[in-house]
Amino acid sequence: MKGNELKPRIGVFGRRNYGKSTLVNFITNQQVSIVSPTAGTTTDAVRKTMEIIGVGPVVWVDTAGVDDCGELGLQRVAASRELLGQTDLALIVVSHNEWGYPEQQLVDACRGAGVPMRCIYTLADQYPPTDSFLGMLHETVGQDPFVFTAKQPSLRAPLLQVVRESLPESAYAVKSLLGDVLRGGDNVVLVTPIDEAAPTGRLILPQVQVIRDVLDCGAVATVCKETELERTLALLREPPRLVVTDSQAFALVDKVVPPSVALTSFSIVLARAKGLFDEYAAGTCAIANLRESDRVLMLESCTHNVTCDDIGRVKLPALLRKFTGKDIRCEAVAGLSRLDRPLTDYALVIQCGGCVASPKQLVSRLSPALQAGIPVSNYGMAIAYMNGIFDRAMQLFSPHQ
């Protein structure tokens with residue numbers, strides 16, 4: 001259930017030939033990245049998963065040097081800086097007793113993005129740090145650097161301890177999706193349509209995650225298709241505490257589930273756990289203000305096989321046009337792909353539930369839109385709003401509930 005995108009990311013950033021790849025190979029105890037005296041050997045980010053005791057699985061990200069040059073080099077630098085915003089902990093590599101614009105830019109970027117950072121002085125056997133340089137680092141960064149050389153295997157344990165201490169607990173702690181609204185013994189009905197877009201022989205990740213969370217809460221999970229919902233409810237001895245549905249079935253499920261029973265969607269449940277829930281809720285009403293030929297950006301965290309019933313490319317755009325009565329131009333971007341046009345060209349951004357993304361990645365992805373004053377919504381909230389059941393779908397999570 002926890003793919004690479006959900007694991008905490010520890011990024012290693014710094015100049016070319018400063019030992020970033022050597023550091024990643026050393027700490028993972030594997031030949032993850034190619035090490036060479038040739039500057040710019042690492043051209044694209046290299047990722048490696050490892051288990052850290054007390055934290056769990058993390059992803060190490062070895063990045064291209066931030067002092068790269070030339071047209072291609074500048075693209076690599078831009079890619080490395082983009083990765084920094086999605087990082088849960090940045091290790092800033094310094095060496096040669098040098099501190100300049102590349103290092104200061106990294107520190108400033110971390111502070112601006114709220115990314116925790118630690119300075120690692122590398123290649124200490126070749127370029128021993130001077131006391132004056134270490135003192136300058138403490139003054140500039142506000143912390144003492146960890147002095148590292150791959151020739152001392154005994155440094156691996158203390159380096160991992162530095163990582164453990166620096167990585168925020170919020171990056172790896174498992175947060176319950178429904179723990180504050182469910183009690184042990186509650187019955188929760190989960191409506192999981194099986195259509196052309198459903199994966200063969202299994203459920204989609206949001207459904208699996210919510211089912212597991214219901215069980216972890218000590219509640220009872222009853223799973224059915226939307227076509228069997230009415231019969232499923234009739235078989236229960238008492239009404240369920242909650243019904244969670246795939247957002248695409250909201251209209252049908254709303255008609256079947258009694259008003260006295262709480263109703264929401266998998267997408268809304270996940271949005272609450274991932275952050276920006278209030279921003280989504282506030283931005284959803286912007287749907288009513290869309291004008292002719294406005295552009296709407298559909299952001300999907302995963303990449304998947306597109307079908308004729310695709311939610312972000314077919315169903316949601318059709319619903320937006322029907323609801324507004326206007327020719328809304330919808331564009332979908334999957335994964336962390338770059339946009340083809342400036343963000344300010346869009347009147348609204350609608351994000352999927354983000355089942356394969358970490359809160360850090362979602363916040364990083366959507367912050368530019370929020371900073372530009374562009375409203376953001378969520379697939380589930382948008383569908384509920386256009387079906388006239390937004391208040392009902394959100395009521396479970398009201399502070400007055």
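The values are calculated or read from the model by the stated rules, or taken from the named source; none is laboratory data. Note that the structure is predicted; figures quoted are calculated from it, not measured. A quick note on method: Cβ atoms are made from the backbone with ideal geometry, for glycine too, and the neighbour counts reach across all protein chains shown. Please note that ligands, DNA and RNA were not included when accessible areas were found on the heavy atoms of the full protein model with its side chains. Shrake-Rupley method; radii C 1.70, N 1.55, O 1.52, S 1.80 Å.
Being part of a helix (DSSP H, G or I), in contact (Cβ under 8 Å) with a residue 40 or more places away in the chain, closer than 24 Å to Gly275 by Cβ and among the polar types (S, T, N, Q) is the requirement here; does Ser170 meet it? Against the criterion (part of a helix (DSSP H, G or I), in contact (Cβ under 8 Å) with a residue 40 or more places away in the chain, closer than 24 Å to Gly275 by Cβ and among the polar types (S, T, N, Q)), Ser170 qualifies. Those strands (runs of 3 or more DSSP E) of segment 231-323 in which 2 or more residues are farther than 23 Å from Ala334 by Cα occupy 242-245, 262-265.
Would you be able to say whether some residue in segment 3-23 is more than 21 Å from Arg81 (Cα to Cα) and modelled with pLDDT under 85?
Yes, segment 3-23 has at least one match.
Rundown of residues vs (1) touching a Phe, Trp or Tyr at 6+ places or on another chain (Cβ under 7 Å); (2) closer than 30 Å to Gln207 by Cα; (3) modelled with pLDDT under 95; (4) in a helix (DSSP H, G or I), yes/no style:
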site	(1), (2), (3), (4)
Asp67	no, no, yes, no
Arg76	no, no, yes, yes
Glu82	no, no, yes, yes
Val162	yes, no, yes, yes
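With the structure loaded, tell me whether Val107 is part of a strand (DSSP E or B), out of contact with any Gly (no Cβ under 6 Å at 6 or more places or on another chain) and at pLDDT 85 or above or whether it fails that test. No, not satisfied.
Please specify each residue of segment 30-56 satisfying the condition of being polar (S, T, N, Q) and at pLDDT 80 or above. Across segment 30-56, the qualifying residue is only Thr49. For first residues located in segment 253-264 and under 13 Å from Val188 (Cβ atoms) and open to solvent by 10 Å² or more (accessible area, probe 1.4 Å), partners that are assigned to a loop (DSSP other than H, G, I, E, B) and of a type outside the set (D, E, K, R) and lie 6+ apart or on another chain with Cβ distances below 6 Å form the pairs Ala262/Leu396.
A quick yes/no check of all residues on (1) part of a loop (DSSP other than H, G, I, E, B); (2) among the β-branched types (Val, Ile, Thr); (3) open to solvent by less than 70 Å² (accessible area, probe 1.4 Å):
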residue	(1), (2), (3)
Ala157	no, no, yes
Val174	yes, yes, no
Leu177	yes, no, yes
Asp180	yes, no, no
Val189	no, yes, yes
